[in-house]
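Q: Structure incoming, see below.
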Amino acid sequence: MKALITGEKGYIGTRLCEYLNKNGMFTARASARGEITPGKFTGCDVLIHAAALVHQTDKNIPYEKYLEINTVLTRNIAEAAVTAGVRHFIFFSTMAVFEGHRFNNGAYISDRTDVSFTSPYASTKYGAEEMLKEYGGAMTVSVLRPPLVYGKGSPGNFGRLIKLSKKTPVFPDADNCRSMIYIDNLCELVRLIILNKTPGCFHPQNADHINTSRLVRDLGRLQGNAVKLVKLPDPIIRLAQIHSYGKKLFGAFAYDLNFSSHFSGAYNVAGYAESLARSI
């Protein structure tokens, strides 16, 4: 079996390629740049589309650019994949399609939760999901909506938390609940989806929810820093959440654990403590 991965320079694409090859699946990287032709995917059994334009700090990027890369490019790749005879198309979407429910009194996202989004990133990712339904008769289509993905060398907020936890002596003790997934757990889910040729929409996460304050404490401990958690009055925590970074730190955004019980949870090959130790 041969798999190709787009988004070859991204964190998920790189680690997924390494993981699948290590576990006996011949996997190569395919560029999503330039002209998209069936020839790019000839001989490919599984195409994993992880290339995307994600959240950008540059607010001047127009919606049309997100649409071009996240939706139109996905259609072009799907069309070429069908022509090339690809049998299985795996699309990386995002938990952000539920971002309108973020910090909604701690309510868990489940199979009863409607999508709700505000950002161009989430909007165009969901548009691609809907478009891919047209190809379900020509090939198996699997859609993944992962939460924050972390691991050694991961970019973004998790890397910032590692740096913060190494230096700070104290951190607010906030009672929040977040879904996150360790990179190897996500890669194992993809491997199982490929092996079982499983279509549908997947909402992966670690076996347990994560509390941000305890995450900072545990990351600090792994780096030799004893972070003291300090309980602050709820009004102060709520005030901190007015700022976007405060929301990310102390807000709640989590899938119901039953919503993520794909393959009876067998994809969670590393537990919380082990995954943190591997990520430092």
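The values are calculated or read from the model by the stated rules, or taken from the named source; none is laboratory data. Source: prediction; values computed, not measured. Heads up, the Cβs are rebuilt from the backbone with ideal geometry, glycines too, and the neighbour counts pull from every protein chain shown.
Q: I'm checking my understanding of the structure. Among residues of region 115-173 that are β-branched (Val, Ile, Thr) and under 23 Å from Leu195 (Cβ atoms), which one is farthest from the chain's Cα centre (by Cα)?
A: My answer is Thr140.
Q: Could I ask something else about it? Limited to region 146-184, what total is found for residues that are among the hydrophobic types (A, V, I, L, M, F, W, C), assigned to a strand (DSSP E or B) and within 14 Å of Arg278 (Cα to Cα)?
A: Total meeting the criteria: 2.
Q: Can Thr37 be described as of a type in the set (Val, Ile, Thr) and closer than 20 Å to Glu188 by Cα?
A: No; evaluated as a whole, the condition is false for this residue.
Q: Could I ask something else about it? Pairs only if they're at least six apart or on different chains, beta carbon under 9 angstrom, first in region 147-162 and closer than 15 Å to Gly13 by Cα, second acidic (Asp, Glu) and surrounded by 15 or more Cβ atoms within 10 Å (Cβ to Cβ); list them, first residue then second.
A: Note: pairs meeting the criteria are Gly151/Asp184.
Q: Further question: Inspect all residues belonging to region 101-117 and state whether any of them is farther than 23 Å from Leu257 by Cα and modelled with pLDDT under 95.
A: So far as region 101-117 goes, no, none of its residues is farther than 23 Å from Leu257 by Cα and modelled with pLDDT under 95.
Q: Moving on. Restricting the search to region 193-210, which residues are of a type in the set (S, T, N, Q) and surrounded by 18 or more Cβ atoms within 10 Å (Cβ to Cβ)?
A: Matches in region 193-210: Gln205, Asn206.
Q: Against the conditions (1) of a type in the set (Lys, Arg); (2) in a loop (DSSP other than H, G, I, E, B); (3) more than 30 Å from Leu222 (Cβ to Cβ), where does Lys133 fall short? Just the number, please.
A: Here Lys133 clears every test but (2).
Q: Sticking with this one: Of the conditions (1) under 16 Å from Gly200 (Cβ atoms); (2) in contact with a His (Cβ under 7 Å, 6 or more places away or on another chain), Asp111 clears all except one; give me its number.
A: Condition (2) is where Asp111 drops out.
Q: Restricting to region 186-235, name every residue that is touching a Phe, Trp or Tyr at 6+ places or on another chain (Cβ under 8 Å) and assigned to a strand (DSSP E or B).
A: The answer is Ile210, Lys228, Leu229, Val230.
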